[in-house]
1. Checking the a/c ratio against 1.5 first, then a/b against b/c, what shape does the Cα gyration tensor give for chain B?
2. Measure off 7 Å from each Cα along the Cα-to-Cβ vector at A:Ser402 and A:Ser355, then give the distance between these two points in nanometres to one decimal.
3. Assuming a viscosity of 0.890 mPa s and a temperature of 25 °C, what translational diffusion coefficient in µm² per second does Stokes-Einstein assign to chain A, Rh being the Kirkwood radius over Cα pairs?
4. Show me the trypsin sites (Lys or Arg not before Pro) within the stretch A:176-273 that DSSP assigns to loop and that have at most 15 other Cβ atoms within 10 Å of their Cβ.
5. Given R₀ = 41 Å, what would the calculated FRET efficiency be for A:Lys374 paired with A:Glu185, taking r from the Cβ atoms and rounding to 0.05?
6. Taking 0.36 nm per residue of sequence separation and subtracting the Cα-Cα distance, how much length would be gained by fully extending the chain between B:Leu90 and B:Ala320, in nm to one decimal?
7. Using Cα positions and a limit of under 27 Å, work out the lysines in reach of B:Lys94, with same-chain residues fewer than 8 apart set aside.
8. Do you know the relative contact order of chain B, to the nearest whole percent, from alpha carbon pairs under 8 angstrom that are 6+ apart?
Amino acid sequence: MLTTLPFKIIFTLAWRNLWRNHRRTLIMLAAITVGVWAMIFMTALMRGMVDDMLDNGIRNLPGEVQINHPQYRDDPNINNSITMPDSQLRQALQNSNISAWTSRVRVPAVISSERDNRGVTLIGINPANEARIGFDPGSIIEGRFLGDANDNGLIIGAKMLERLETRLGKRVVIMSQDPDNNIAERGFRVIGIYKAKLASLEENTVYAGIETLQKLLKLDDKISQIAITGDNYRHIKSWYEPLRIAAGDNLQVLPWYETDTYLGSMLAMMDGFVLVWIIVIFLTLSFGLVNTLVMAVFERIREIGLMQALGMRPSMILYQILTESFLLLVIGLILGNALAVISIIPLQDGIDISSVAKGMEMMGTSSILYPALKLNDMLLASIIVIFLGLLTSILPAWHAASFDPVEALGKD
Amino acid sequence: MNITLQMAWRNLWRHKRRTWLTVGAMIFSNLLLVFMISLQFGSYRMMIDNTLKSYTGHLQIQRMGYNDNPKIRNSFTDIIPLANTLRKRLSNNKVAARGVAFAMISSKQRTYGLQIIGVEPAFEPAVSTLPGLLTSGRYFNDIDAEEIIIGRVLARNLRVNIGDELTLLGAGRDGSIAAGVVSVTGIFDSGINDIDRLMAQLPLGYFQSLFNMNGQGHNIVINAEELTQVTLLKNTVSKILPHELQASESQRGKPNANEQQLVILDWNQLQPGLKQAIQADMISAWFMYGVLIILVAFSVLNTQLMSVLERTREFGTMMALGVKPGRLGTLVISETFLMSSLGLIFGAALGAALSYYLSFVGFSYPGMEEMAGRFNLPDRMYPSLSWLSIFLGPGIVFFCSLLASAYPALRLFFLQPVSAMKAV
């Protein structure tokens, strides 16, 4: 009669056995809960950091994909400019997965006020398109954004303003080089001041209207680069390939992870870190889990012997112990996940880490950390814990199932 | 006490498997902790050393306010004599004066704006690694030579080579135009793109005449033999530096344009990002270590609680025979003590062995190269072993395990011998 038990009875037996020694079960549950919470909480913080790093990084490139002159990256000079996209490339840029693209002029220049001068990266932009992909008009703290591509104003960083000892509305002189190697210079009025998430940007990047710069640098309608975004840095394959083909061999089309290999490797490393972290925590937990099961089996040797003597199959005993372990893991996971969600909700508005801001900037993150709780990470942690947990439980369960009934009954 | 320890030792081996599983959890986490902490110590040290050696140095003497506002006019007089005095008084050759300016640099084809550093040819190699990184040409040998050393990327972008001439154009200290022609004598490759593109060096004497510095300069770099001696060196330098030149505490932050007051800044004030990056890394690392330690403590708590509960009858009998609860508590603590000692010894030994091995062959993981470059680290990391890095983590695990067994031990004080003896 007891040879094969319906699942429901195994479940009931396992559930009741679990609470026979409630202290032990509660301690183990607490350990699993803390472990799972730590897995998810830490992962959310790290993900938040890397997301921020990638968002900042890609906004600064800008775009997930850039089209440049093949020599431009090595030598960002005015002579390595490209023409506006031809009809074939324009068609590829119509791809429905591409949400915005913009063309830019980007050259090294020198900026001078009456008091001081600095080397800068001078960027000519199409204000309307740029706002959707690179420079964020919301970061302007004083003055206004460029009106159109012909605007004669200049946008500079707050840090730069301080260095140059100039003010909003004052004139500064920009000096650069035209394609014939002549010095090209003109005065610009500072019309806007921006504050970047990363302070180093503020010190070395200034923005002007693209057509104004094309005139100044005698570029006609040539540009330095085209930046393209699909608003999702993980999925660019669908539009990156066709773009590369349409651009031909005379243009270099690069995805963000090749333009900035640091960013690319951070994403890969983050995925690796999450896995290693989950497994390390699990291994630490697994000693306790096996221990708990070993103890549970040990104090029930006689009982198990009796059940076997009554005709219960060893496999049923195995299932029963595994079910106990499964229940323990599932309850621990539910509590751990819930705790993680509860502890992250109050942190949604960001954690202020400005006390180490300069250090975080070396990594490319801003001074407020937004935890990113992802369903995928919660699932990954849960699946690893259940799977490996059951795997490690097989040993004590198998041990219990292989008792000799006569010997087991004889134990005291 | 002797007999208590003996009983505790025997009690441990009544449940071999349980004891080993608990000790196993300790060994595993101790091994990880020793490895991680050694690796952290090793990489922090390297990060500081590499960053400071490339340019910043351990200490800098600057005019007050220069660090926040590095302008050419914030310079101070007689920089070379002052550096000479310091060298003599410190009997330390790792002292070098520098000037810093901004200029446009042009070859026949190209023009770029960049930072120009004036250096003392005889002493700069003692404070910075850059002169040793020349891939072609030579370093300066005359302080007044009209020569320049530039980075690999800049040389490529300017399309120049050794012996080619470059034109410099900038503003002097007094706002006058500074223009000169120099020949390229050396090209360095620091491996850091920004330095290789945005920095060039001139001999200090020529720098001073080009930028109309009138014998002035912007900072004196002083290096200690070891990072640990920096504070001491800072005090010594402060005693040597003429008192009337130094800014007093109350003057800090209120630069006075008329008088020149000098400050001595250490690497931490010069590169605040460095220490903060280390702090940020420390915080996240200790969160992780904390979780590991708590999980081990739970494991110990569980084992010890079970071992006390299953011995209720035994303990009841012992108490009935006159054993004081305090002694039983000591017994339980002794058991944990022995167990934790095993974990400590094996864990620390294994962790030290692993770290020792890796301190020779190095350690790397995919993606590390790109990340390491950002923090001036080489592409392999070498753990640095010390007594602290070996025993810090395991010591905390040991302590927390003892703490975790306090609850089971304290329970014994509430044990009633009669009911305990009847317990199943």
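Values quoted throughout were computed directly from the atomic coordinates according to the rules given, and no laboratory measurement underlies them. Predicted, not measured: the structure shown is a model, and the values here were computed from it. FYI the Cβ positions are ideal-geometry reconstructions off the backbone, even for glycines, and counts take in every protein chain you see.
1. prolate
2. The answer from the label model is 5.5 nm.
3. 95 µm²/s
4. Numbers: sites: A:Arg186, A:Arg189, A:Lys195, A:Lys197, A:Lys215, A:Lys218, A:Lys222, A:Arg234, A:Lys237, A:Arg244; in loops: A:Lys195, A:Lys197, A:Lys218, A:Lys222, A:Arg234.
Sites meeting the loop and neighbour criteria: A:Lys195, A:Lys218, A:Arg234.
5. 0.25
6. Answer, rounded to one decimal: 75.2 nm.
7. Qualifying lysines at Cα under 27 Å: B:Lys53, B:Lys71, B:Lys234, B:Lys239, B:Lys275.
8. Computed value for chain B: 27 percent relative contact order.
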